[in-house]
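Derivation of every value follows stated rules applied to the coordinates shown; laboratory data play no part. All figures in this text were calculated on a predicted structure; none of them were measured in a lab. Because the Cβ atoms are built from the backbone with ideal geometry, glycine has one as well, and the counts that use them run over all protein chains shown.
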Amino acid sequence: MNEPITPRLSVRGLSTSFMTDRGRVTSVSDVSFDIPSGGTLALVGESGSGKSVTSLGLMGLHAKGSQAIVGGEAWFVKRNGERVNLLALAEADKRRLRGNELAMIFQEPMTSLNPVLTVGEQIAESVRLHLGMDRRDALQHAKKMLDLVEIPAAERRLHEYPHQLSGGMRQRVMIALAMACNPTLLIADEPTTALDVTIQAQILALIQRLQKETGMSVLFITHNLGVVAQYADRVAVMYAGRIVETAAVGPLFAAPQHPYTRGLLACLPGMAVRGSVAKSRPRLTAISGQVCSPFEPPPGCAFAPRCALHIAACDTAMPPLAALADGRQARCIRVNEKIEMTA
Amino acid sequence: MNDTANPLIEVRGLRKYFGAGPQPVRAVDGVSFAIREGETLGLVGESGSGKSTIGRMLIRLLDPTEGQIRFKDRDIAHISQRQMRPLRSSMQIIFQDPYASLNPRMRIRQILGEALDTHGLAKGKGERQARIAELLDLVGLRPEYADRYPHEFSGGQRQRIGVARALAVEPSFIVADEPLSALDVSIQAQVVNLLCDLKDRFGLTMLFISHDLDVVEFLCDRVIVLYLGKIMEIAPTETLYHRPQHPYTQALLAASPIPDPAQRHKDRPLLVGDIPSPANPPSGCVFRTRCPHALPACAETVPALAEVAPGHWKACLRNDLHPLSMKGTSQ
């Protein structure tokens, strides 16, 4: 084992564009990242930053009508050791991987479960398809899965419909469904956003436990920096369709390099309260303005119009994602200047 | 019953049951508290705890089933909508969803002007126009935006318009019902700063409803923790966050993810199960079914809200539990 270990998923130069009434618009470009076996990468960003587009592209789940064009490569190591490019696979091969070695859970469990099938039938369907089990074994397997995700009275729940379950229970069912074929990569797209904090904590603890037990890799998509800080190993911050910074979770929060990441962390009221010494209420250092429209991207850096460190050179070209020390990367031409940001 | 120096609003035994029959949904079940003049009171709890129902009852968008709401020393809980009307200019609400709460067919000028006209607050076209420009300026929008429609604005800008509409009638009391939850973090910070500024500038009294514990800690002077329509704990913000006494408050704070990887939760106790149905709440203490410290006695008696320290109230039978020190680093 002296060779460097190949990551479970290695994405290089992923880009995605869609057809709209106003012509073709690029919503994700030049996205590259690695997820090692058993590791968790959090993809963080605000609405419209391209997090979900990235994950749907990897799964090949873009709606046909959107006429998505997905470019780049996404090398995935299968259970048998074979390396495949997810973006170049034939539809039939993709189907064999999806729900099997690659699984995904979504934000809204009610809309991702089939309302007219019982919970048991939905889980059984996937194992019959991928593992070739017969009806009875599949249902038995489904019960095992409900036990795995700690659903009480699994035997009874097996025969219930999604509407009979609470939000937290539905998300557990989604996870049971995703885990049914023992995936090696789980893509979790805002899995706890619709849930209350106490339920969110349960679901995150569950995903962590399953990850530890099975050694699967997790691509965790979220806008919640608290969740990132608690659960991720590495973080990629997205802004306007591009990764602007990547780092291990500790260094990212301790010393964010990109002005957007810095701004994002400074926005958090939790950080402001903890950081304040004065008795008076501190002001939040908000990022001014809003995200640029994908139809009219600025000429250079997409964050330039909102950036406190903006200089004329920022408007000439999109800065490259520059490599920094300790395996970090940041997309900013001023990143080596070590500027202190002031509010 | 709570310390009430100059309360602007005082609520006693407030109840809201939805549906008739033997098992109505007890959305709010006997809640009493007061909001001082100039204070921002936070109302936190999980979905279904009755936060929004309380907010809406306070300004009579919902009729209480039972109880008193004293606003400036007058009980408004059961007065008619006609009698309510003159009071409406002193109490306003900011809604959660800035996409659903603005009429898509009205220009911003009409949206803001309607509030002024209803309460006869601007005489003549010139004054109306000037006031609308002033309101937009107040929330950080350009006056020329008055001729646009809501769809031409981003979520954050729409929420600013919602704030401007609430302020148009110069209210003394505002219910902010999850005003930030539809917004991205960077935009949230802008609106939080705006609310802080307006509060300082106009001395507004505010009921701030949220499930985001960090924002509440930042913005509020005191906090009420609700569970299944009942108050579990009331305390000044700093006390509540640093020395929570009620097991539910402790669990809520422990579950809230801290945005700092250096402070990862390790083996923290997680609440098991879901919030029970408000149509069939547990006997005794409503939290006992999920409480790690429940005793058989908790099923028998409904714990009364009792003062454990000046201004700090909790509804829990167990007085033998040590208050959890939540944030070890702070002094």
Which far-off residues, 5 or more places away or on another chain, put their amide H under 5 Å from the one on residue A:238, with H placed in the peptide plane?
-> A:44, A:45, A:244
How much net charge surrounds residue A:74 when only the other residues with a Cβ under 12 Å from the Cβ of residue A:74 are counted, with Lys and Arg +1 and Asp and Glu -1?
-> +2
For the protein assembly as shown, the Rg and Dmax computed from alpha carbons only, in angstrom = 26.3, 83
Label-point separation (nm) for residue B:238 and residue A:12, each offset 7 Å from Cα along Cα-to-Cβ?
-> 5.6
Step through the residues of segment A:152-158 one at a time and calculate ³J(HN,Hα) from phi using the Karplus curve (6.51 cos²θ - 1.76 cosθ + 1.60, θ = phi - 60°), rounding each to whole Hz and writing x for Gly and Pro.
-> x, 6, 4, 4, 6, 4, 3
On each of the three principal axes of the Cα atoms of segment A:66-109, give max minus min coordinate, whole Å, ordered largest first.
-> 33, 25, 17
Diffing segment A:28-35: the Karplus 3J(HN,Hα) column from phi (6.51, -1.76, 1.60, θ = phi - 60°), in whole Hz with x for Gly and Pro, holds 9, 9, 6, 9, 10, 6, 10, 10
Theoretical ellipticity at 222 nm over chain A - DSSP helices of four or more residues, -39500 (n - 2.57) apiece, nearest 500 = -9000 deg cm²/dmol
Around residue B:80, what is the net charge, scoring Lys/Arg as +1 and Asp/Glu as -1 over all other residues with Cβ under 14 Å from its Cβ?
-> +3
Rounded Å value of the spacing that divides the Cα centres of segment A:64-131 and segment B:196-259 = 42
Cβ-Cβ FRET estimate between residue B:129 and residue A:150, R0 fixed at 60 Å, reported to 0.05 = 0.45
Sequence-distant residues sharing a close amide H with residue A:217 (under 5 Å, placed H) = A:38, A:185, A:186
Given a Förster distance of 35 angstrom, what is the FRET efficiency for residue B:201 paired with residue A:47, based on the Cβ-Cβ distance and rounded to 0.05?
-> 0.70
GNM, chain B, Cα, under 10 Å: largest mean-square fluctuation among B:77, B:164, B:189?
-> B:189
Using a 10 angstrom cutoff on alpha carbons, build the Gaussian network for chain B and name the most mobile of B:162, B:67, B:284.
-> B:284
How much length is gained on full extension from residue B:23 to residue B:63, taking 0.36 nm per residue of separation minus their Cα-Cα distance?
-> 12.5 nm
If you line up the Cα atoms of chain A on their principal axes, what length do they span on each, largest first, in Å?
-> 67, 52, 52
In deg cm²/dmol, rounded to 500, what helix-only [θ] at 222 nm does chain B give when every DSSP H run of at least 4 residues adds -39500 (n - 2.57) and the total is split over its residues?
-> -8000 deg cm²/dmol
Take every DSSP beta bridge whose two residues both sit in chain A, then give the antiparallel share in percent to the nearest 5.
-> 60
Of all DSSP beta bridges with both partners in the protein assembly as shown, the antiparallel percent, nearest 5, is 60
Subtracting the Cα-Cα distance from 0.36 nm times the residue separation, let me have the gained length for residue B:321 to residue B:73 in nm, one decimal.
-> 85.5 nm
Distance in nm between residue B:147 and residue A:37 label points, each 7 Å along Cα→Cβ, equals 6.6
Nearest-0.05 FRET efficiency for residue A:214 and residue A:166 at R0 = 22 Å, using Cβ-Cβ distance, is 0.30
Relative contact order, percent, of segment A:9-232 when contacts are C-alpha pairs under 8 Å separated by at least 6 residues?
-> 25
Relative contact order for chain B: what is it in percent, counting Cα pairs under 8 Å that are at least 6 residues apart?
-> 20
Given the options A:318, A:59, A:238, which has the most mean-square fluctuation in a GNM of chain A, springs set between C-alpha atoms less than 10 angstrom apart?
-> A:318
What does the charge count near residue B:303 come to, summing +1 for each Lys or Arg and -1 for each Asp or Glu among other residues with Cβ under 14 Å from its Cβ?
-> -1
Looking only at aspartates and glutamates whose Cα falls under 14 Å of residue A:212's and that sit 8 or more positions away or on another chain, we get A:233
Tell me, what ³J(HN,Hα) does each residue in segment A:108-125 have, in order and in whole Hz, if you take phi through Karplus 6.51 cos²θ - 1.76 cosθ + 1.60 with θ = phi - 60° and put x for Gly and Pro?
-> 9, x, 5, 7, 9, 9, 7, x, 9, 10, 5, 4, x, 4, 5, 6, 4, 4
Of the beta bridges DSSP finds with both residues in chain B, what % are antiparallel, to the nearest 5?
-> 60
Full extension from residue A:61 to residue A:134: what is 0.36 nm times the residue separation minus their Cα-Cα distance, to one decimal in nm?
-> 23.5 nm
